[in-house]
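Here's the structure, in structure tokens; my notes come after.
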Amino acid sequence: MVIVVEKREVVTIVSIDGSVDGTTARELVSSLREQVAGGSSRLVGNLAGVDYTSSAGLRALLETVKDTRQHGGDLRLAAVRPEVLRVLELSGFTSILQVFDDVDAAVASFAA
Amino acid sequence: MPPSRASRRREASDLGNEANALTPAPLPGGEGSNRVAVVIGSGSVKCAAALGLLKVLDREGISIDLIVGCSGGSLYAAMIALGRSAAEAEEVTRRLWTRELTKRRHYPSLFRAMLPKIFGFTEQFGLVDDTLILDRLQVAFGESKFEDARIPLYLTATDFHTGELAVFSQGSVVDAIRASIAIPYVFRPWKIGSHLYVDGFLSDPMPVGVAIKHGANVIVTMGFESPYQSHATSVLKFAFQLSSIMSNNLLRANYAFHNLAHHTEILPIIPQFREHIHLFDTDKIPYVIEEGERAAEQQLPYLRRLLAAELS
């Protein structure tokens, strides 16, 4: 899994490439936690490069969204592939997380 | 006077129903080893996609340590656990699951529902005569018992009186399947011992918890949401629609809970059907299996990596 972090004003975009599963979730959580601990609690998870997520990936997302919200921010998802979106829907995540078509829309949502 | 809750528990235990068992099964492989489970949820004929999953696991030499089936999934879980090949299972489904199953009405139920004061309503209510499906289940599974299974098998139903998930792991496979597929309003609830059971999807359409309870740490799931109807043009379709709404929401809620509450790795295999698959579209089984195989192949790299990581 490759994680690329990019700042766009007050929003931090975390682009993930690869699958988010039991073998990679810890690395993702550490990376996201680092961002929040560093004061970046408005996160956009760019999932355009994620082709799979298992239960471990869902737990990583939930942990991060709780973390960001406790710090006054949020984790919003962008460019989620259909196969990943189906898992998010099946597990009810689309009812607790905001999902946007692309990164720009997700970034702009923080200004609204 | 009805039996107390405690006495019902004892009776259930005698029958091999683990609904109320309190102690999780030990991990035979010991700490750190993989224990792979396949959970086949409800979804009528779509559950045949599990045969495609089986093909992929077989080809890759990934062995299944336990298998759980619910509702339509109970048929395939049983066949896989009893060692039937995908081709045999496909043939069994073709012979077993046809439109004729719902052709004959169960008139006593109709009369009891319409004129309860005269005929006396009973809880064993179902609009369809279940003689044919029972006959066919007998032909398909005969006297098979859970104890005959090559892979430990768990089939689920729902206790009609308590609403609790019931898990069968001993005794007659036919009885357990019949209980597991007791579709509300369609097939009568099924009595085993002193308990009355209805379809497993009513308590958990994808019983991942059973696999967790029995020590699985890698759980491959295949289950389907119930289809919605654009128009409910009959009482039965109206009932189906309500049932779909409830079971789909239950599926999501339970699935979310199991994904988040445990450290087990749950890998959903979700076949995408370009064609509509209706309740009795057994002619589409080859296509359903193909899509199941395709969906399983897509997730194979992650499953392989996960198993390798856990074993190292």
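The values are calculated or read from the model by the stated rules, or taken from the named source; none is laboratory data. Just so it is clear, the structure is predicted and the values come from calculations on it, not from any experiment. Reconstructed Cβ throughout: ideal geometry from the backbone, glycine too, with neighbour counts over all protein chains shown. Heads up: the accessible areas ignore ligands, DNA and RNA and are worked out on the full protein's heavy atoms, side chains in. Shrake-Rupley method; radii C 1.70, N 1.55, O 1.52, S 1.80 Å.
Exactly one condition in (1) touching a Lys or Arg at 6+ places or on another chain (Cβ under 6 Å); (2) within 12 Å of chain B (Cβ to nearest Cβ) is not met by A:V50; state its number.
Exception for A:V50: condition (1).
Does B:F280 meet the test of being more than 14 Å from chain A (Cβ to nearest Cβ), within 23 Å of the chain's Cα centre (by Cα), surrounded by fewer than 16 Cβ atoms within 10 Å (Cβ to Cβ) and at pLDDT below 90?
When the stated conditions are applied, B:F280 passes them.
Please go through segment A:53-63 and pick out each residue that is in contact with a strand residue (DSSP E or B) (Cβ under 8 Å, 6 or more places away or on another chain) and either open to solvent by 10 Å² or more (accessible area, probe 1.4 Å) or in a helix (DSSP H, G or I) (or both).
Within segment A:53-63, A:S55, A:A56, A:G57, A:A60, A:L61 meet the criteria.
Picking from B:K213, B:K237, which residue would you name as being more than 16 Å from the chain's Cα centre (by Cα), closer than 21 Å to B:A77 by Cα and open to solvent by 60 Å² or more (accessible area, probe 1.4 Å)?
B:K213
Could you check segment B:292-310 and list, in sequence order, the residues that are over 23 Å from the mean Cα position of the chain (by Cα), open to solvent by 20 Å² or more (accessible area, probe 1.4 Å) and within 7 Å of another protein chain (Cβ to nearest Cβ)?
Answer for segment B:292-310, where residues must be over 23 Å from the mean Cα position of the chain (by Cα), open to solvent by 20 Å² or more (accessible area, probe 1.4 Å) and within 7 Å of another protein chain (Cβ to nearest Cβ): B:Y302, B:R305, B:A309.
Looking at B:K55, B:K46 in this structure, which one is surrounded by 24 or more Cβ atoms within 10 Å (Cβ to Cβ), charged (D, E, K, R) and assigned to a helix (DSSP H, G or I)?
When all the criteria are applied, what remains is B:K46.
Which one of the conditions (1) part of a loop (DSSP other than H, G, I, E, B); (2) more than 9 Å from chain A (Cβ to nearest Cβ) does B:E225 fail to meet, given that it meets all the rest?
The number of the failed condition is (2).
Quick check on my filter: what residues within segment A:19-34 are in contact with a strand residue (DSSP E or B) (Cβ under 6 Å, 6 or more places away or on another chain) and surrounded by fewer than 21 Cβ atoms within 10 Å (Cβ to Cβ)?
A:S31
With B:F257, B:F273 as the choices, which residue is among the aromatic types (F, W, Y) and in contact (Cβ under 8 Å) with a residue 60 or more places away in the chain?
Just one listed residue meets the conditions, B:F273.
Given the conditions (1) closer than 23 Å to B:V92 by Cβ; (2) of a type in the set (A, V, I, L, M, F, W, C); (3) within 14 Å of chain A (Cβ to nearest Cβ), which single one is not true for B:I270?
Against the list (1) closer than 23 Å to B:V92 by Cβ; (2) of a type in the set (A, V, I, L, M, F, W, C); (3) within 14 Å of chain A (Cβ to nearest Cβ), B:I270 comes up short only on (1).
Which of the following residues is touching a Cys at 6+ places or on another chain (Cβ under 9 Å) and among the small types (G, A, S): B:G200, B:G215?
Criteria check complete, one pass: B:G200.
Here is a yes/no grid of residues against (1) under 27 Å from B:E297 (Cβ atoms); (2) surrounded by fewer than 24 Cβ atoms within 10 Å (Cβ to Cβ):
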position	(1), (2)
B:G163	no, yes
B:V173	no, no
B:S180	no, no
B:S194	no, yes
B:Y197	no, no
B:P205	yes, no
B:A232	no, yes
B:M246	no, yes
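Return yes when B:H263 is modelled with pLDDT under 85 and not in a helix (DSSP H, G or I) and no when it is not.
It is true that B:H263 is modelled with pLDDT under 85 and not in a helix (DSSP H, G or I).
What about B:A253, is it part of a helix (DSSP H, G or I), facing another protein chain (nearest Cβ under 10 Å) and surrounded by fewer than 22 Cβ atoms within 10 Å (Cβ to Cβ)?
So B:A253 passes the test.
Working only within segment A:16-35, note down all residues that are out of contact with any helix residue (DSSP H, G or I) (no Cβ under 8 Å at 6 or more places or on another chain) and among the small types (G, A, S).
Selection gives A:G18, A:S30, A:S31.
Which of the residues belonging to segment B:251-273 are under 16 Å from A:R86 (Cα atoms) and hydrophobic (A, V, I, L, M, F, W, C)? Don't jump to the end; show me each part of the working.
The first filter runs over segment B:251-273 and keeps only residues under 16 Å from A:R86 (Cα atoms), leaving B:251-256, B:259, B:266-273.
Of everything in segment B:251-273, those that are under 16 Å from A:R86 (Cα atoms) and hydrophobic (A, V, I, L, M, F, W, C) turn out to be B:L251, B:A253, B:A256, B:I266, B:L267, B:I269, B:I270, B:F273.
Please go through segment A:64-112 and pick out each residue that is among the polar types (S, T, N, Q), assigned to a loop (DSSP other than H, G, I, E, B) and more than 14 Å from every other protein chain (Cβ to nearest Cβ).
Listed by number, the list is empty, since nothing qualifies.
Can you go through A:S15, A:S55, A:S41 and tell me which one is polar (S, T, N, Q) and touching a His at 6+ places or on another chain (Cβ under 6 Å)?
It is A:S41.
Take A:R59 and tell me if it is at the interface with chain B (Cβ under 10 Å from one of its Cβ atoms) and under 12 Å from the mean Cα position of the chain (by Cα).
Answer is yes for this residue.
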